[in-house]
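Okay, so here's the structure we're looking at.
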Amino acid sequence: MKRNLVLTFAAATLAFVPMAFGADTSTLGVTVGPEASFTAVDATTTISKGDTAFGGYSGTTNFTYKIRTSQTTGTGNISVQVTTFGTGGPAVADLAYTCTAPSSGTACSSSTSASTSTTTSVVAFGADAHSADTGDSGTAAWTLVDRTAIKTGSYSSTATFTVSAT
Amino acid sequence: MGGNMTIRTYLLRITGSKCKFRVVAKQALLAFLLPVIAMSDIQTTTQTMSADILPYGKVSLPSNVTLRAADSRFGENLTGSLTVSYWARTSTAGGGSLTIQASSNFSPSGGPSTSDVTYLCSGATLGAGCSGSQALATSTQTAAVVFPAGVCTGGGGACSTAEPNTVLLTLSAPDKPHYKTGTYSAQITFTISTL
């Protein structure tokens with residue numbers, strides 16, 4: 001018993017080693033705002049025809065996007081505007097598209113005529129819209145009327161997609 | 001002849017008195033001087049002065065740090081930086097550390113989680129800053145700086161020239177689309193301990 005008391009006292013003595021402590025706190029804040037990004041899966045969308053009887057051309061632009069709109073009053077949009085095909089080529093007035101998108105947005109409801117003078121909607125977003133963290137996928141499916149007046153050759157138009165979020 | 005003897009005797013007596021007077025005078029002078037010599041005696045005392053210099057630790061932070069996106073296209077993480085000031089003194093056989101811990105998850109809910117936050121340490125002017133990306137935790141303290149034995153802040157020489165010492169923490173959280181827009185906050189605590 002006496003020996004145990006001595007050992008306990010020695011252990012307690014060793015434990016009383018001078019230490020110093022200090023602390024301070026800070027507030028870690030995070031500000032999250034509306035954001036949006038768009039990526040075209042392919043650099044080029046080929047519009048081709050399935051027959052040789054003026055049956056019309058078609059092609060699909062695949063894209064992915066990320067979106068976050070403000071909680072109560074936010075909005076967002078993916079829109080597109082095209083350039084002309086060039087002299088002798090198809091008319092932009094004969095170019096139209098339909099859209100698909102996941103539930104994070106509202107795809108264009110019907111066939112929409114492309115325009116060179118204004119942007120036209122592909123996907124619309126409301127308040128508190130969020131894509132998946134890895135992004136969502138959508139499509140713009142193009143149709144082009146095959147006019148007999150179109151001269152043979154290769155023609156191209158540039159489609160500029162713009163994504164926005166508030 | 002009797003008169004001459006008398007005079008001689010008288011002179012001898014007078015002379016003897018002079019001698020005796022001188023002796024007495026000297027004795028008296030010595031008697032007077034002794035107390036004076038005793039009152040002016042100088043006494044010296046020595047005393048050992050000792051000071052116990054103990055380990056010391058103090059830390060100071062800015063009141064807040066905010067993580068933000070660098071763009072609005074999910075291009076970068078949400079980031080922010082924090083300069084921590086600290087003072088430390090470790091014993092010759094001791095050491096110490098500066099640690100960080102989140103007190104809770106971010107509030108309100110709907111935003112990032114504190115477990116999503118990581119940090120890098122750089123430019124520690126005393127001790128070794130954490131190496132590589134560290135994850136912020138609520139359940140445990142994670143290292144920011146480690147102090148070796150026998151270090152001290154300020155003054156130069158055996159101590160650091162800088163006072164206070166500082167370390168830069170760069171904090172980061174992924175910018176995920178599923179976060180709801182808004183502002184979120186959590187408390188982080190830095191603790192310095194020295195031995």
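A few notes on this one:
- Among A:Ala101, A:Ala23, A:Ala91: highest mean-square fluctuation, GNM of chain A, C-alpha pairs under 10 Å: A:Ala23
- Karplus-derived 3J(HN,Hα) values for the range A:110-116, using 6.51 cos²θ - 1.76 cosθ + 1.60 with θ = phi - 60°, are 8, 4, 10, 6, 6, 9, 9 Hz; glycine and proline are entered as x.
- Under a 5 Å amide H cut-off, with hydrogens placed 1.01 Å from N, B:Asn64 pairs with A:Thr27 among residues at least 5 apart or on other chains.
- Amide H contacts for A:Ala129 (H built 1.01 Å from N in the peptide plane; partners 5 or more residues away or on another chain; cut-off under 5 Å): A:Thr69.
- Using the rule -39500 (n - 2.57) for each DSSP H run of four or more residues, divided by the residues of chain A, the 222 nm mean residue ellipticity is -2500 deg cm²/dmol.
- With neighbour counts taken as other beta-carbon atoms within 10 Å, the residues B:Leu126, B:Leu120 rank, fewest first, as B:Leu120, B:Leu126.
- The fewest-to-most ranking of B:Arg73, A:Arg68 by surrounding Cβ atoms within 10 Å reads B:Arg73, A:Arg68.
- Whole-number D in µm² s⁻¹ for the range A:35-165, Kirkwood Cα-pair radius fed into Stokes-Einstein, 25 °C, 0.890 mPa s: 159
- Exposure proxy ranking for B:Glu163, B:Glu76, A:Glu35, based on other Cβ atoms within 10 angstrom of each Cβ and starting from the fewest, stands as B:Glu76, B:Glu163, A:Glu35.
- Taking 25 °C and 0.890 mPa s as conditions, the range B:56-194 diffuses translationally at an estimated 154 µm²/s according to Stokes-Einstein applied to its Kirkwood radius (Cα pairs).
- Remark: the range A:53-69, residue by residue, has Karplus-estimated 3J(HN,Hα) of 10, 6, x, x, 9, 8, x, 10, 9, 9, 8, 10, 8, 10, 8, 8, 10 Hz, where x stands for each Gly or Pro and the curve is 6.51 cos²θ - 1.76 cosθ + 1.60 at θ = phi - 60°.
- Expressed in Å, the radius of gyration and Dmax of the Cα atoms of the range B:62-106 are 16.7, 52.
- When chymotrypsin sites (Phe, Trp or Tyr not before Pro) are flagged only if DSSP places them in a loop and at most 16 other Cβ atoms lie within 10 Å, the longest unflagged stretch of chain A comes out as A:55-154.
- Signed unit charges on C-beta, dipole axis of chain A, positive-most listed residue A:Val32, A:Val145, A:Leu95: A:Val32
- Helix A:2-15 and the long axis of chain A differ in direction by around 50°, with both axes built from C-alpha atoms.
- Sequentially through the range A:88-93, phi angles give Karplus couplings (6.51, -1.76, 1.60; θ = phi - 60°) of x, x, x, 8, 4, 5 Hz, Gly and Pro residues having no value and appearing as x.
We did not get these values from a lab; they are worked out from the coordinates using the rules stated. Every value quoted in this text rests on a predicted model; they were computed, and no experiment measured them. Because the Cβ atoms are built from the backbone with ideal geometry, glycine has one as well, and the counts that use them run over all protein chains shown.
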